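The values are calculated or read from the model by the stated rules, or taken from the named source; none is laboratory data. Just so we're clear, the structure is a prediction, and the values are computed from it rather than from any experiment. So basically every Cβ, Gly included, is an ideal-geometry build from the backbone, and we count neighbours across all protein chains shown. All accessible areas refer to the heavy atoms of the entire protein, side chains included, with ligands and DNA or RNA removed. Shrake-Rupley method; radii C 1.70, N 1.55, O 1.52, S 1.80 Å.
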Amino acid sequence: MAYVYDPQNIFAKILRGEIPNKTVLETEHSLAFHDIGPQAPVHVLVIPKGPYVTYDHFAAEASDAEIVDFTRAVNQVCELVGVRPGDGLGGYRLISNAGEAGVQEVPHLHVHVMGGRVLGRMVSKP
Ligand code: 5GP
């Protein structure tokens with residue numbers, strides 16, 4: 001399957017510096033910033049700098065260096081925002097929405113790191 005990346009998506013604009021963001025962490029291949037509409041006391045988005053639409057796209061086509069960097073960036077964000085289990089009200093949830101069923105709003109891979117309150121169980125039923 002060919003993945004089609006839209007370079008006009010809002011996170012591509014953030015990466016190009018065309019839209020401001022509240023940066024939590026920047027690494028060689030990844031950027032983490034606060035979500036503009038937080039759904040929890042901690043709500044950070046971690047994105048790769050490369051043009052990947054979804055997690056499966058990234059896992060299929062990113063380089064090993066990008067994948068390691070992104071994975072380690074998630075760890076660093078958890079430490080920086082204090083949601084590692086054991087730190088106060090520790091614990092977090094990672095969410096990566098993809099495509100129509102996943103109700104993905106922005107077509108650039110992002111992992112939501114959410115915490116700071118008890119988040120409830122999984123997803124709600126319709
Ligand atoms: P999705 O539904 O695609 O998984 O989530 C997209 C997320 O991006 C939403 O939680 C939304 O609040 C966030 N978002 C959309 N536009 C912006 C923006 O311009 N800046 C930031 N920081 N977050 C955004």
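Annotations for the structure displayed:
- Residues that are buried (at least 16 other Cβ atoms within 10 Å of the Cβ), out of contact with any strand residue (DSSP E or B) (no Cβ under 7 Å at 6 or more places or on another chain) and over 19 Å from A60 (Cα atoms) within region 90-126 comprise just one, V106.
- Selection of region 16-26 for residues being out of contact with any strand residue (DSSP E or B) (no Cβ under 6 Å at 6 or more places or on another chain) and within 11 Å of I47 (Cβ to Cβ) yields only E26.
- Filtered residue count, region 78-89, keeping only those that are part of a loop (DSSP other than H, G, I, E, B) and either open to solvent by 60 Å² or more (accessible area, probe 1.4 Å) or over 17 Å from V24 (Cβ atoms) (or both): 6
- For region 1-56, taking the residues that are under 14 Å from the mean Cα position of the chain (by Cα), among the acidic types (D, E) and more than 12 Å from the ligand (Cβ to nearest atom), the one that is most open to solvent (accessible area, probe 1.4 Å) is identified as E26.
- A search for C-beta distances below 6 Å between a residue of region 111-126 that is assigned to a loop (DSSP other than H, G, I, E, B) and any residue that is modelled with pLDDT of 95 or more, counting only pairs 6+ apart in sequence or on different chains, returns G116/A40; G116/P41; G116/V42; R117/A40; R117/P41; L119/R93.
- Conditions (1) in contact (Cβ under 8 Å) with a residue 24 or more places away in the chain; (2) within 16 Å of the ligand (Cβ to nearest atom): number failed by E61: (2)
- Contacts under 6 angstrom Cβ, first residue in region 1-28 being within 25 Å of V81 (Cα to Cα), partner assigned to a strand (DSSP E or B) and open to solvent by 60 Å² or more (accessible area, probe 1.4 Å), 6 or more apart: K22/H34
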